[in-house]
Structures are given as structure tokens and as C-alpha cells.
Amino acid sequence: MESIIFIAPPAAGKGTLSKMFQDKYKIPHISTGDLLREASRGNDEDSKKLHEKLKSGFLVDDEIIMKLLEERISQDDCKGAYIMDGFPRTINQAKAYEKLLNNLGKNIGQVFYIGVDIDVARDRIIGRLSCPKCNAVYNELIEGEQPKVKGACNTCQVNLIKRSDDNVETFEIRFKTYMENTEPLINYYDNLGILHYIPEDMDKKTAFKLIEDIVTGGAV
Ligand code: AMP
């Protein structure tokens, strides 16, 4: 199985698809957003600064991202395939990632670009809740995505939380940041011949199967 990179605007469903692969194939789901949120929970100045940056919706400096990422993918569970959710977000990060993979002797895998309609994405952000323990994502306003018990994670039973950047104002900044910095990656990976498109109206099950066929070479 090959590694997966998801490129998508906020709330396009990359977290949900990542979790589906993690559950079926027991491969790591690396979300740079989750890594950053974890790093921002400390009481020191750096953690507080990071917390404010995440709340703003703007991108965190490459230096911080690359350090966190290198630490994470050097761990034993990343020897095989893994899912990359939220990275790279700029051409600079994509280039730095290639260098890192070269140094570690790893392959990049396949890249999946998920389309999304800005109005649909905005609506999804409003009802989104996540588990602070396992990072599962729910939506209190969308049928089929609600937790079984209101406000609690299905798996961990802990109280679900609303992310500090899941509000309409920050969403607009995140979407604009995505269009300016991350969309150029689509051409970049297309030129490398590893880009695949998931239409925005494709249901998650079909999308899962499409991705699965590509990364397993149709072996399932
Ligand atoms: P996400 O959980 O992917 O929506 O990311 C939440 C926030 O974390 C983003 O709005 C950025 O501030 C930051 N972030 C996550 N991944 C990256 C990245 N690869 N580069 C820069 N900032 C990032």
C-alpha cells in the first residue's frame, strides 16, 4: 500500500476519509493540525503563541511544521504507508517534504485533491465537533455525522469540543489562505503524475473505494 496525501480546503472531509483508512488498514493518520493543536496546549510562551496563530486561521511557520513532521514520520509506525492530512500546504513545504523523504528513503505515495463548495464547507464548519482524545470528527447539524450520545465521542465517551478556529470569521481566512497557498499544489503534483481528483459531490464510501483501488493497486 502507498501513502496518501490529502489536499483539500477546510471541511472538505479529509479528516473523515483519513479516519476510514486508519480504521481499515491500521496505518497512522498524521494531521499537522492535530500535531499543532497538541503542541499548543502547553503553558509556555511558545505554546501560547502557537495557540493564537491557530485561532487566527493563518499558516504556521514552515520551520515549526517541518520539525514536528520530521519527528512524527521518523517514528516506527511510519515505516510503511501513512495518511497525510493537512500537509503540505505550500509549494515550499512540498519541496522540503521531498528532501525529507529522500533523506529517510521513503516514497511520497499518491495525492488526492478533494473539491468542495465554499457554502457547503462553511455550513460544515458551524456544526463541527471533535474529540480531544482520538481526534474523531462529528457534526451536530448533519444527519449521519452526529455522535450517538449528544456531545460525547462514540469511541472515547469524552466530551466533544469545538475547535477555536471553527467559526465563520476564521473560516473565511482559512479558505482564502487555502486558495492562495495550497491550490497551487494541485498543478505541482499533477506535473509529478501522482494527482487524483475526488469530486466534491462524491459520497464518502465511493471516494474511499476510489482511493483504496489506487493506493493498493486494485488488490482489494
Ligand atoms: P487543520 O486541522 O488542517 O484545519 O489545520 C488547522 C490550522 O493549523 C491551520 O489553519 C493552520 O493554522 C495550521 N496548520 C495545519 N497544517 C499546517 C501546515 N502544513 N502548514 C502551516 N500551518 C498548518
Task: Residue among 164, 191, 91 farthest towards the positive dipole end of the chain, charges placed on Cβ - done: 164
Open item on the list: At R0 = 22 Å, how high is the FRET efficiency between residue 70 and residue 2 if r is their beta carbon distance? Nearest 0.05 is fine.
Closed with: 0.60
Open item on the list: Checking the a/c ratio against 1.5 first, then a/b against b/c, what shape does the Cα gyration tensor give for segment 40-113?
Closed with: prolate
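List the relative contact order of the chain as a percent without decimals, with contacts defined as Cα pairs under 8 Å and 6+ residues apart.
Numbers: 316 pairs, mean separation 66.4, N = 220.
Across the chain, relative contact order equals 30 percent.
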TODO: Using Cα positions and a limit of under 29 Å, work out the lysines in reach of residue 148, with same-chain residues fewer than 8 apart set aside.
DONE: 14, 19, 24, 26, 55, 133, 162, 204, 205, 209
Task: Area of residue 120 that stays accessible when all protein chains are in place (1.4 Å probe, Å², to 10) - done: 80
TODO: Pull up all non-local amide H partners of residue 115: gap of 5 or more, or a different chain, and H-to-H distance under 5 Å with H placed in the peptide plane.
DONE: 198, 200
Open item on the list: Springs between alpha-carbon pairs under 10 angstrom, Gaussian network model over the chain: which of 169, 140, 71 fluctuates most?
Closed with: 71
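What does the C-alpha gyration tensor say about the overall shape of segment 130-220? Classify as rounded when a/c is under 1.5, otherwise prolate if a/b is larger than b/c, or oblate. All intermediate terms of the calculation are to be shown ahead of the outcome.
On the way: a/c = 2.50, a/b = 1.34, b/c = 1.86.
Oblate is the answer for segment 130-220, as a/c is 1.5 or above yet b/c matches or exceeds a/b.
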Task: segment 40-49 - phi-based ³J(HN,Hα) in whole Hz, Karplus 6.51/-1.76/1.60, Gly and Pro as x - done: 8, 8, x, 9, 6, 4, 4, 5, 5, 4
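Give the calculated FRET efficiency between residue 213 and residue 190 to the nearest 0.05, with a Förster radius of 25 Å applied to their Cβ-Cβ distance. Please report the intermediate quantities before stating the final value.
Working: r = 19 Å, r/R0 = 0.77.
Working from the Cβ atoms, E equals 0.85.
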TODO: Indicate the gyration tensor shape class of the chain (rounded, prolate or oblate), computed on the Cα atoms with a ≥ b ≥ c the square roots of the eigenvalues: a/c under 1.5 is rounded; otherwise a/b larger than b/c is prolate and the rest oblate.
DONE: rounded
Task: Candidate residues 84, 20: accessible-area rank, largest first, probe 1.4 Å - done: 20, 84
Open item on the list: Suppose accessible area is computed on protein heavy atoms with a 1.4 Å probe; arrange 170, 155 from highest to lowest.
Closed with: 155, 170
- [ ] Note down the magnitude of the dipole of segment 102-197 about its Cα centre, charges +1 on Lys and Arg C-beta and -1 on Asp and Glu C-beta and zero elsewhere, to the nearest 20 debye.
- [x] 540
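The values are calculated or read from the model by the stated rules, or taken from the named source; none is laboratory data. As the structure is a prediction and not an experimental result, all values here were calculated from the model. Because the Cβ atoms are built from the backbone with ideal geometry, glycine has one as well, and the counts that use them run over all protein chains shown. Just the protein is used for accessible areas: all its heavy atoms, side chains included, with ligands, DNA and RNA removed. Shrake-Rupley method; radii C 1.70, N 1.55, O 1.52, S 1.80 Å.
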